[in-house]
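My structure is below; once you've seen it, I'll send some questions.
The values are calculated or read from the model by the stated rules, or taken from the named source; none is laboratory data. This structure is a prediction, so every number in the text was calculated from the model and none was measured. Here the Cβ positions follow ideal geometry from the backbone for every residue, glycine too, while neighbour counts run over all protein chains shown. The protein model used for the area step is the full one, side chains on, heavy atoms only, and it has no ligands, DNA or RNA in it. Shrake-Rupley method; radii C 1.70, N 1.55, O 1.52, S 1.80 Å.
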Amino acid sequence: MDNHFDVIVLGTGLIESITAAALSKAGFKVAHIDPNPYYGADQASLSLDELVQWVNHRKEHDRSVTHYGEVPPHARQYSVSLGPSVIPSIGPFISSLIASGVSRYGSFKLLGRVVIYDGGMLKDVPQSKDDIFQSKAMSLLEKRRVTRFLMFAAGDFENSKELHGHENSPLLDFLHRIFLLSDATSQAITYALGYCYFIAEKTLPALHRIRAYLKASGRYGPSSFLVGYYGGSGEIAQGFCRAAAVKGGVYILGRSVTSISSVDPAEPENPVLTSDLPRFAIEVDDFPDRLHCRCLISSTSLLPGHLSTLADVIRPSISSYGSPRPSAVARCIAVVDGPITLPLDIEDSGTSEMSDSSLLVFPPGSIHGGSAISAVHVMTAGPGTMSAPSGKGILYISMPLLTNSVHSAEILLRPYLTAVLLLFPAEQQQQICSTFYMQELNSCTASTSDPLVGLLAVPSSSPHITQGVDEAAIVAEATFRKAACSLNREIKEMNQGSEQTVFWPVLAEMEEGEGNDMHW
């Protein structure tokens with residue numbers, strides 16, 4: 001194997017996988033390395049037996065990880081996500097899925113219901129104007145106020161008189177004061193339409209999210225979001241890796257990087273017949289040859305300490321991320337011995353469809369023993385997305401944390417798991433197994449000097465359940481452009497012949513009008 005590459009990428013998380021696919025499709029020679037034996041890193045999709053192996057490995061250095069239950073029969077029929085998320089129907093991520101052709105490697109469906117937990121009951125969150133006027137839970141006056149707010153949020157609100165002076169106010173206060181909405185309606189909009197994580201999140205970033213989701217509604221159906229089959233993000237990350245491999249990308253999984261060093265071009269081992277001299281040398285565990293590259297892209301979690309302050313850190317730039325970024329996320333994965341279909345709101349008009357792919361939101365302070373600061377999200381999955389065999393279901397519970405908690409994930413999330421199970425009939429409350437763990441979100445300290453040329457670091461993917469994938473696509477595109485710049489090569493955009501750097505070269509299939517295909 002030729003051990004000289006244009007780019008070496010460390011980590012197969014969603015950001016790194018999108019970047020590797022884009023660089024490979026642009027004609028760069030790429031090697032992609034991950035110490036894990038699977039794709040996806042913190043967003044991986046694992047079978048239940050692989051999940052138990054993952055838990056046992058985590059327990060070696062993190063005793064707070066807990067697991068209950070035995071591996072059931074047909075464990076490989078489960079696809080469990082370590083980082084569950086939904087996909088906005090309009091946004092940078094769905095654009096990358098389609099433009100890259102990776103959407104053809106997977107299947108997708110509309111997210112079912114979005115509901116909010118209120119006093120032990122579930123209330124559906126209206127997703128359209130029709131839903132609002134068919135709802136029996138709101139008075140006619142409240143419906144008019146909600147409609148007025150949605151028209152405001154869907155428009156150009158930045159310079160509006162309503163927003164002036166309230167940009168940095170908590171969204172809850174803004175809804176109360178300016179639109180005179182009730183507590184229940186304000187909470188539904190804040191946590192299940194704006195998807196605020198924390199009680200004091202600012203109005204302007206939340207409004208940007210709400211506008212984006214309102215525009216996304218109707219592209220593929222009534223929901224603003226899609227969910228992926230076979231565990232979601234991990235399967236999609238693997239799809240991007242597959243796209244890179246088709247274009248010549250080399251993959252090395254299950255091998256740790258033992259050393260990374262910058263290379264002096266004057267060293268005798270470097271080729272002298274080309275100007276494309278390597279900048280980095282990488283040694284991989286149980287691998288015979290050192291690998292060389294001109295550009296090194298690494299997850300911050302895999303970058304050695306002596307290089308972390310020398311890297312050019314790629315950060316997201318999107319208006320919706322003015323909200324606080326969590327430092328960690330408490331997570332629970334619970335496999336239930338029964339189908340998961342959230343019970344209908346007794347005041348529902350009957351328009352809600354039955355689906356095993358739904359999103360339940362617990363506002364801060366909504367249950368005894370729960371968080372008074374953070375909203376908690378519960379995603380459900382089942383055979384409808386090929387995530388579990390018939391008659392079984394999966395619950396994903398996540399709580400974002402602004403600071404590292406002294407409590408374990410189990411202590412933080414057990415009250416929510418209990419509350420969710422009590423919503424189902426007694427025969428469906430039996431758990432097959434459950435796992436509690438803490439996902440730390442690595443950040444990289446900004447360089448104190450000029451970054452090392454060709455060394456790029458990408459942060460942990462955002463855990464935001466609705467906008468995390470869009471942030472991943474934005475960071476991946478920024479990383480791609482910086483890598484192309486550091487390699488000092490220009491990419492010719494197909495069809496036009498102009499010399500400019502393009503994120504996704506136009507696909508031949510898209511020229512035939514097939515590029516917008518989505519598998520359902």
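Filter the range 61-85 down to residues that are among the hydroxyl-bearing types (Ser, Thr, Tyr) and assigned to a loop (DSSP other than H, G, I, E, B) and give me whichever is most open to solvent (accessible area, probe 1.4 Å).
Only one residue tops the list, namely Ser64.
Now, a different point. Please specify each residue of the range 131-152 satisfying the condition of being in contact (Cβ under 8 Å) with a residue 12 or more places away in the chain and among the basic types (Lys, Arg).
Within the range 131-152, Lys136, Arg145, Arg148 meet the criteria.
Of all residues in the range 356-370, count the ones that are open to solvent by less than 20 Å² (accessible area, probe 1.4 Å), more than 19 Å from the chain's Cα centre (by Cα) and of a type outside the set (A, V, I, L, M, F, W, C). First the steps, then the outcome.
Keep residues of the range 356-370 that are open to solvent by less than 20 Å² (accessible area, probe 1.4 Å), which gives 357-364.
Now narrow it down to the ones that are more than 19 Å from the chain's Cα centre (by Cα): 362-364.
Next cut, of a type outside the set (A, V, I, L, M, F, W, C) only: 363-364.
So the answer is 2.
Just checking, does the range 153-161 include any residue being touching a Pro at 6+ places or on another chain (Cβ under 9 Å), in a helix (DSSP H, G or I) and among the small types (Gly, Ala, Ser)?
No - not one qualifying residue is present in the range 153-161.
If you don't mind, there's one more thing I want to ask. Would you mind stating whether Asn56 is open to solvent by 40 Å² or more (accessible area, probe 1.4 Å), farther than 18 Å from Ser17 by Cβ and over 17 Å from the mean Cα position of the chain (by Cα)?
So Asn56 fits the description; yes.
Count, please, the residues in the range 371-383 that happen to be open to solvent by less than 30 Å² (accessible area, probe 1.4 Å) and closer than 25 Å to Ser107 by Cβ.
6
Further, regarding this structure: Kindly indicate whether any position in the range 482-494 is open to solvent by 10 Å² or more (accessible area, probe 1.4 Å), modelled with pLDDT under 95 and within 12 Å of Ile18 (Cβ to Cβ).
no
Please indicate, with yes or no, whether at least one residue in the range 118-130 is touching a residue at least 12 places away in the same chain (Cβ under 8 Å), touching a strand residue (DSSP E or B) at 6+ places or on another chain (Cβ under 6 Å) and over 23 Å from Pro383 (Cα atoms).
yes
If you scan the range 257-271, which residues turn out to be at pLDDT below 80 and more than 13 Å from His4 (Cα to Cα)? Break it down into steps so the answer makes sense when it comes.
Just the residues of the range 257-271 that are at pLDDT below 80, to begin with: 263-271.
Once the filter is applied, which keeps residues that are at pLDDT below 80 and more than 13 Å from His4 (Cα to Cα), the range 257-271 yields Asp264, Pro265, Ala266, Glu267, Pro268.
Scan Ser95, Ser139, Ser135 and give me the residue that is touching a strand residue (DSSP E or B) at 6+ places or on another chain (Cβ under 9 Å) and polar (S, T, N, Q).
Within the list Ser95, Ser139, Ser135, the selection yields Ser135.
Would you please list the contacts, defined by Cβ atoms under 8 Å and residues six or more apart or on different chains, that run from a residue in the range 153-171 that is farther than 20 Å from Lys129 by Cβ to a residue that is surrounded by 15 or more Cβ atoms within 10 Å (Cβ to Cβ) and among the acidic types (Asp, Glu)?
Pro170/Glu201; Leu171/Glu201
Among the residues of the range 1-29 satisfying the criterion of being open to solvent by 10 Å² or more (accessible area, probe 1.4 Å) and in a helix (DSSP H, G or I), which is farthest from Val71 (Cα to Cα)?
It comes out as Lys25.
In the range 30-43, is there at least one residue being in contact with a Phe, Trp or Tyr (Cβ under 9 Å, 6 or more places away or on another chain) and in a helix (DSSP H, G or I)?
No; the residues of the range 30-43 include none that is in contact with a Phe, Trp or Tyr (Cβ under 9 Å, 6 or more places away or on another chain) and in a helix (DSSP H, G or I).
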